[in-house]
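Here's a structure for you.
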Amino acid sequence: CLWVRNLRLKRRLPGPFAWPVVGNAMQLGQMPHITFSELAKKYGNVYQIRLGCNNIVVLNGDASIREALVQHSTEFAGRPNFVSFQSVSGGNSMTFTNYSKQWRTHRKIAQTSIRAFSSANSQTKKAFEQHVVAEATELIEAFLKLNAEGQFFNPAHELTVAAANVICALCFGKRYGHDDIEFRTLLGSVDKFGETVGAGSLVDVMPWLQYFPNPVRSVYQSFKDLNKEFFTFVRDKVVEHRETFDPEVTRDMSDAIIGVIDKADSDTGLTEAHTEGTVSDLIGAGLDTVSTCLHWMLLLLVKYPNIQTRLQEQIDKVVGRDRLPCIEDKASLAYLDAVIYETMRYTSFVPLTIPHSTTSDVTIEGFHIPKDTVVFINQWSVNHDPLQWKDPHLFDPSRFLDENGALDKDLTSSVMIFSAGKRRCIGDQIAKVEVFLFSAILIHQCTFENNPSQDLSLDCSYGLTLKPLNYKISAKLRGELLTGA
Ligand code: HEM
């Protein structure tokens, strides 16, 4: 009845006891997404914690998260005004900016420019795929070189260079060699980005930590330094583009964004600084995520050699040994897609989305959440929700195949790694093409093996992305190395 409903609406959100000053900060542990899932067992899928002086609502489980992000998409489309967010992309980021009319325009421009250079028509589609194929073969050469040097190697850095090159080719029409020291150094520091903007970062909830010497302050200082260095790199390239801009010829995504933001007549409020912010956002988002996904895939292929062998057999059957796999093979390679989806689900390597905030008062599962509340969205809990997944803690790609070996599309769409709603990732389509082509080509061309003296663990470091800890593998060519040419 109405009376009971009103009572429930007025009920305080459940949640653990919060200590003065720090709140629940000391209880988050090394893996906050696991802690949040454990707390959900006690308090339900929607509860409140306190970090520093912020009340934070944590959403868990498939039903609550979809209710919030899809049915109440506008109410959950905000971003908090965290101190770390202001250092990103020269302070003109689209990703780390709160919901507004100007943000909507900004996002649309970024989305349109990605589409224009990846899927607008068959020509751009082909060009994008060729970039990825070329990077995949360069990557194999870099792996083989490392193999020759020391037998077992850590693939992490070469994967970052490869993913960065794909997005740099789109944005700047330029790639960098795996031996380019300056580029490698830049990417080496960008790797640390996610440690500070991941949900639960202490400087954001206790900003006073930046004002006296302590470990959080030094991590935050390096975060500001790496953002400055990365943004300077991007801004220099955009400035070069601006100086040689020709409205008749759109060479790459930087030109496309310059054309829409710098040269626009309409009063969007967006400035040249936003052009630079957009390009910096896209490069930052496009390199860490795709490389982390491939990093996990390699680890799992080495850990489960039977799965690697089954993939090689299927790819050989569909593609043969005389050419490289291409995107048209995707429809016939359901098992590879299943391995990719299971890697995303099982590792949930973006365990929580970038923090959200509410843009107005909203009610979720009967609980009232006021405007401007910080919201953490636990994607890991969606992917391990026992109501949705049988044996969620097992790595089992075949869960995505039906009895005829075809991909179960209902189940693949239940995996949450790109978030949902108004803040859903805008690079999801290009990311899927990249992950498919990179993995298909790597597996077709090489066999990856573990160092027998290494106990292969799935331990990882926490941040915006979960990264496997240092592991070493070997790569052996399965035949003559093919190139995309
Ligand atoms: C946002 C995942 C690749 C561009 C996000 C978010 C997630 C995500 C979880 C946060 C959504 C939220 O806060 O609710 C991934 C994964 C990727 C990937 C798993 C690869 C496997 C890419 C690529 C690009 C990209 C390749 C572009 C080149 C963006 C942008 C946003 C975003 C611009 C911010 C959207 C906004 O705030 O409105 N992504 N992403 N992502 N992603 Fe991706």
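The values are calculated or read from the model by the stated rules, or taken from the named source; none is laboratory data. These numbers come from a predicted model, not from an experiment. Note that each Cβ is placed from the backbone with ideal geometry, even for glycine, and that neighbours are counted across all protein chains shown. Accessible surface areas use protein heavy atoms only, side chains included; no ligands, DNA or RNA. Shrake-Rupley method; radii C 1.70, N 1.55, O 1.52, S 1.80 Å.
Looking at the structure I just gave you, is residue 204 modelled with pLDDT under 80 and either in contact with a helix residue (DSSP H, G or I) (Cβ under 9 Å, 6 or more places away or on another chain) or assigned to a helix (DSSP H, G or I) (or both)?
Spelling it out, residue 204 is indeed modelled with pLDDT under 80 and either in contact with a helix residue (DSSP H, G or I) (Cβ under 9 Å, 6 or more places away or on another chain) or assigned to a helix (DSSP H, G or I) (or both).
Looking at 67, 129, can you tell me which residue is surrounded by fewer than 21 Cβ atoms within 10 Å (Cβ to Cβ), part of a helix (DSSP H, G or I), touching a helix residue (DSSP H, G or I) at 6+ places or on another chain (Cβ under 6 Å) and of a type in the set (D, E, K, R)?
129 is the lone residue from the list that is surrounded by fewer than 21 Cβ atoms within 10 Å (Cβ to Cβ), part of a helix (DSSP H, G or I), touching a helix residue (DSSP H, G or I) at 6+ places or on another chain (Cβ under 6 Å) and of a type in the set (D, E, K, R).
Could you list, ordered by first residue, the pairs with Cβ atoms under 6 Å in which the first is in region 273-300 and within 18 Å of residue 424 (Cα to Cα) and the second is open to solvent by 20 Å² or more (accessible area, probe 1.4 Å) and within 7 Å of the ligand (Cβ to nearest atom), at least 6 apart or interchain?
Pairs that qualify, where the first residue is within 18 Å of residue 424 (Cα to Cα) and the partner is open to solvent by 20 Å² or more (accessible area, probe 1.4 Å) and within 7 Å of the ligand (Cβ to nearest atom), are 281/95.
What is the residue count in region 467-485 for residues that are in contact (Cβ under 8 Å) with a residue 12 or more places away in the chain, in a loop (DSSP other than H, G, I, E, B) and more than 22 Å from the chain's Cα centre (by Cα)?
So the count comes out to 7.
Right, here's the next one. When you go through 115, 8 one by one, which is the residue that is within 14 Å of the ligand (Cβ to nearest atom) and either open to solvent by 40 Å² or more (accessible area, probe 1.4 Å) or modelled with pLDDT of 90 or more (or both)?
115
Out of everything in region 339-368 that is among the hydrophobic types (A, V, I, L, M, F, W, C) and over 20 Å from residue 44 (Cα atoms), what residue ends up being farthest from the ligand (Cβ to nearest atom)?
Ranking the candidates gives 339 first.
Which one is farthest from the chain's Cα centre (by Cα) among residues in region 416-466 that are away from the ligand (no atom under 15 Å from the Cβ) and among the β-branched types (Val, Ile, Thr)?
For region 416-466, the residue satisfying everything is 447.
Another question, if that's okay. If residue 182 satisfies every condition in (1) in a helix (DSSP H, G or I); (2) surrounded by fewer than 22 Cβ atoms within 10 Å (Cβ to Cβ); (3) modelled with pLDDT of 85 or more but one, which is the exception?
(3)
Given the conditions (1) within 30 Å of residue 230 (Cβ to Cβ); (2) away from the ligand (no atom under 13 Å from the Cβ); (3) in a loop (DSSP other than H, G, I, E, B), report the number of the one that residue 273 does not fulfil.
If we test residue 273 against (1) within 30 Å of residue 230 (Cβ to Cβ); (2) away from the ligand (no atom under 13 Å from the Cβ); (3) in a loop (DSSP other than H, G, I, E, B), just (3) comes out false.
For residue 188, are the conditions met, namely being more than 16 Å from the ligand (Cβ to nearest atom), within 30 Å of residue 377 (Cβ to Cβ), at pLDDT below 90 and not hydrophobic (A, V, I, L, M, F, W, C)?
Yes; evaluated as a whole, the condition is true for this residue.
Would you please name the residue that is farthest from residue 89 (Cα to Cα), looking only at residues in region 233-245 that are over 29 Å from the mean Cα position of the chain (by Cα) and open to solvent by 60 Å² or more (accessible area, probe 1.4 Å)?
Result: 244.
Here's something else I'd like to know. Any chance region 246-265 includes a residue that's surrounded by fewer than 13 Cβ atoms within 10 Å (Cβ to Cβ) and either within 16 Å of the ligand (Cβ to nearest atom) or of a type in the set (Ser, Thr, Tyr) (or both)?
No, region 246-265 contains no residue that is surrounded by fewer than 13 Cβ atoms within 10 Å (Cβ to Cβ) and either within 16 Å of the ligand (Cβ to nearest atom) or of a type in the set (Ser, Thr, Tyr) (or both).
Exactly one of (1) within 16 Å of the ligand (Cβ to nearest atom); (2) buried (at least 16 other Cβ atoms within 10 Å of the Cβ); (3) modelled with pLDDT of 90 or more; (4) of a type in the set (S, T, N, Q) is unmet by residue 48. Its number?
Answer for residue 48: the failing condition is (1).
Among the candidates 357, 348, which residue alone is in contact (Cβ under 8 Å) with a residue 24 or more places away in the chain and on the phi > 0 side of the Ramachandran plot?
One residue alone meets the criteria, 348.
Filter region 451-485 down to the residues that are under 17 Å from residue 159 (Cβ atoms) and among the polar types (S, T, N, Q), then identify the one that is most open to solvent (accessible area, probe 1.4 Å).
Per the stated criteria, the residue is 470.
Residue-by-condition table, conditions (1) within 16 Å of the ligand (Cβ to nearest atom); (2) closer than 22 Å to residue 281 by Cα; (3) not charged (D, E, K, R):
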{"site": "83", "(1), (2), (3)": "no, yes, yes"}
{"site": "95", "(1), (2), (3)": "yes, yes, yes"}
{"site": "100", "(1), (2), (3)": "yes, yes, yes"}
{"site": "119", "(1), (2), (3)": "yes, yes, yes"}
{"site": "136", "(1), (2), (3)": "yes, no, yes"}
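Among the candidates 291, 218, 222, single out the residue that is closer than 30 Å to residue 184 by Cβ, part of a helix (DSSP H, G or I), of a type outside the set (Val, Ile, Thr) and open to solvent by less than 10 Å² (accessible area, probe 1.4 Å).
Of 291, 218, 222, the one residue that is closer than 30 Å to residue 184 by Cβ, part of a helix (DSSP H, G or I), of a type outside the set (Val, Ile, Thr) and open to solvent by less than 10 Å² (accessible area, probe 1.4 Å) is 291.
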